[in-house]
Amino acid sequence: MNFELTEEQKRVQARAREFAEQEVAPVAREADERGEFPLHLVKRMGELGFLAGPIEPQYGGSGMDYVSYALLCEELGRTDSSVRGFLTVHTSLVSLCIRDWGSEEQKSHYLPRLATGEWIGCYALTEPNAGSDAASMETTAREEGDSYVLNGEKIWITNGISAHVAIVFASRDRSARHKGICAFVVETDMPGFQRAPMGGKELGHRASEHVHITFKECRVPKSALLGAAGEGFKVAMSALDRGRLGVAAGAVGVAQACLDASIAFVKDRRQFGQRVADFQMIQATLADMAADVEAARLLVYRAAWAKDQGLPTTKATSIAKLFATEAAMKAASEAVLMHGNRGYSNEYPVERYYRDIKGLQIYEGTSHIQRLIIARELVGHAR
């Protein structure tokens, strides 16, 4: 086994770290406090080749491998989960979905625009009564002549306010459950496509756009169908597999940020006449945190490597997401505790890491769902 990154992977990592530290970090706290996504970073990510990293150059992408993409998500997650979340949705759930399931016309039309950031994408799957159980979705697609007419609603749709295009899932036959679901590429200026910010205030990812979308007799051409009719569930699950890799890598970044912040704080802070870093209980906590970070990182890189090799990755990706998000949650909790009263305030970034990481345990499949996926891969699924 060779655990050394290639020169190209190191270049992607260095470029991502420089962007995160010099351009994302200075605006992260203010964006979180204001609850506004820093949209000026979108085209910048396009210029750097981040928005369509794994997409082929013929469609405007960088053609990077999935290990490089994981490195990119890790570095962004280390600085700001809202920016990393934007990238995962835009790239993993939208652009790569169109690349893998779209017609040549759809790929040629949408992918170059998404690659530059001229257009922003969102992924409309979750509904008020269909979250983990996606097959129970209530949004319908009624076939009429050369069109489909969409009716229903979606919630917690990231990037939804600014999005120019949405991957929308709707059922043409609800009694068929997952076999009745279709996927559509819908431009958001279509009549009947309505959106508004979610009510309330989020625990974390406060700079992200979280949107409630309503479809009222939203008519789309049959050419908007992504994949074959009835294949929408397959489209959705393949996209979530990729999205989970980005979430897992982002969680590694959060855990690393918690470790870095904790080390810096306890080396500087003094109590009882010595550095806090010299107390054995603190050292044990840091050691456990470091071990978890390295274990999570290796699981993520392994899942990315397996995808690059064309191997099945469902189990590996779910294991990586489960372990990385749980480890990062523990790291964030310990980091806040180590910072004491300072960790309880947004004066220090560990407070934001603690709020943000909870979201990573939930979306693209909760930790409960990841355990279910892993278990079914291990023992099969009773019919």
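Of Leu48, Leu39, all but one fail to be in contact (Cβ under 8 Å) with a residue 60 or more places away in the chain and surrounded by fewer than 20 Cβ atoms within 10 Å (Cβ to Cβ); the exception is Leu39. All conditions but one from (1) in contact (Cβ under 8 Å) with a residue 24 or more places away in the chain; (2) in a helix (DSSP H, G or I); (3) closer than 29 Å to Glu202 by Cα apply to Val12; the one that does not is (3). Of all the criteria given as (1) under 17 Å from Gln370 (Cβ atoms); (2) surrounded by fewer than 21 Cβ atoms within 10 Å (Cβ to Cβ); (3) touching a residue at least 40 places away in the same chain (Cβ under 8 Å), the one not satisfied by Ala295 is (3). Scanning region 188-202 for residues that are in a loop (DSSP other than H, G, I, E, B) and under 23 Å from the mean Cα position of the chain (by Cα) turns up Thr188, Met198, Gly199, Gly200, Lys201, Glu202.
Could you tell me whether any residue of region 245-259 is under 16 Å from the mean Cα position of the chain (by Cα), assigned to a helix (DSSP H, G or I), at pLDDT below 95 and not assigned by TED's automatic domain parsing to the domain that holds Lys179? No, that holds for no residue. Considering Ala163, Ala170, Ala135, the condition of being in a strand (DSSP E or B), among the aliphatic types (A, V, I, L, M), in the same structural domain as His210 (by TED's automatic domain parsing) and in contact (Cβ under 8 Å) with a residue 40 or more places away in the chain is satisfied by Ala170 alone.
Looking at Ser208, Ser238, which one is of a type in the set (Gly, Ala, Ser), closer than 28 Å to Lys315 by Cβ and in contact with an Asp or Glu (Cβ under 9 Å, 6 or more places away or on another chain)?
It is Ser238.
Within region 185-210, the residues that satisfy the criterion of being closer than 30 Å to Gly145 by Cβ and not charged (D, E, K, R) are Val185, Val186, Thr188, Met190, Pro191, Gly192, Phe193, Gln194.
Residues in region 6-31 that are more than 17 Å from Gly253 (Cα to Cα) and hydrophobic (A, V, I, L, M, F, W, C): 2 in all. For region 317-348, the tally of residues that are buried (at least 22 other Cβ atoms within 10 Å of the Cβ) and outside any helix (DSSP H, G or I) stands at 0.
On the stretch given as region 38-53, residues that are more than 19 Å from Thr158 (Cβ to Cβ) and either within 17 Å of the chain's Cα centre (by Cα) or assigned to a loop (DSSP other than H, G, I, E, B) (or both) total 2. You will find that of Val24, Val67, the residue that is at pLDDT 95 or above, of a type in the set (Val, Ile, Thr), in a helix (DSSP H, G or I) and under 22 Å from Ile120 (Cβ atoms) is Val24 and no other.
Within region 212-235, restricting attention to residues that are out of contact with any Asp or Glu (no Cβ under 9 Å at 6 or more places or on another chain) and free of Cβ contacts under 8 Å to residues at least 60 places away in the same chain, the residue that is surrounded by the fewest Cβ atoms within 10 Å (Cβ to Cβ) is Ala228. From the list Asp356, Asp288, the one residue that fits, being among the acidic types (Asp, Glu), under 16 Å from the mean Cα position of the chain (by Cα) and not in a loop (DSSP other than H, G, I, E, B), is Asp356. For region 82-89, the criterion of a residue being of a type in the set (A, V, I, L, M, F, W, C) and surrounded by fewer than 22 Cβ atoms within 10 Å (Cβ to Cβ) is satisfied by no position. Any chance region 98-112 includes a residue that's touching a residue at least 12 places away in the same chain (Cβ under 8 Å) and either in the same structural domain as Arg242 (by TED's automatic domain parsing) or closer than 18 Å to Met190 by Cα (or both)? So far as region 98-112 goes, yes, one or more of its residues are touching a residue at least 12 places away in the same chain (Cβ under 8 Å) and either in the same structural domain as Arg242 (by TED's automatic domain parsing) or closer than 18 Å to Met190 by Cα (or both). Looking at region 299-322 only, could you name the residues that are without any contact (Cβ under 8 Å) to a residue 60 or more places away in the chain and either in contact with a Cys (Cβ under 8 Å, 6 or more places away or on another chain) or within 30 Å of Lys267 (Cβ to Cβ) (or both)? Leu299, the sole residue that qualifies.
The values are calculated or read from the model by the stated rules, or taken from the named source; none is laboratory data. Since this is a predicted model, take the numbers as computed values, not measurements. All Cβ positions, glycine included, derive from the backbone under ideal geometry; neighbour counts span all protein chains shown.
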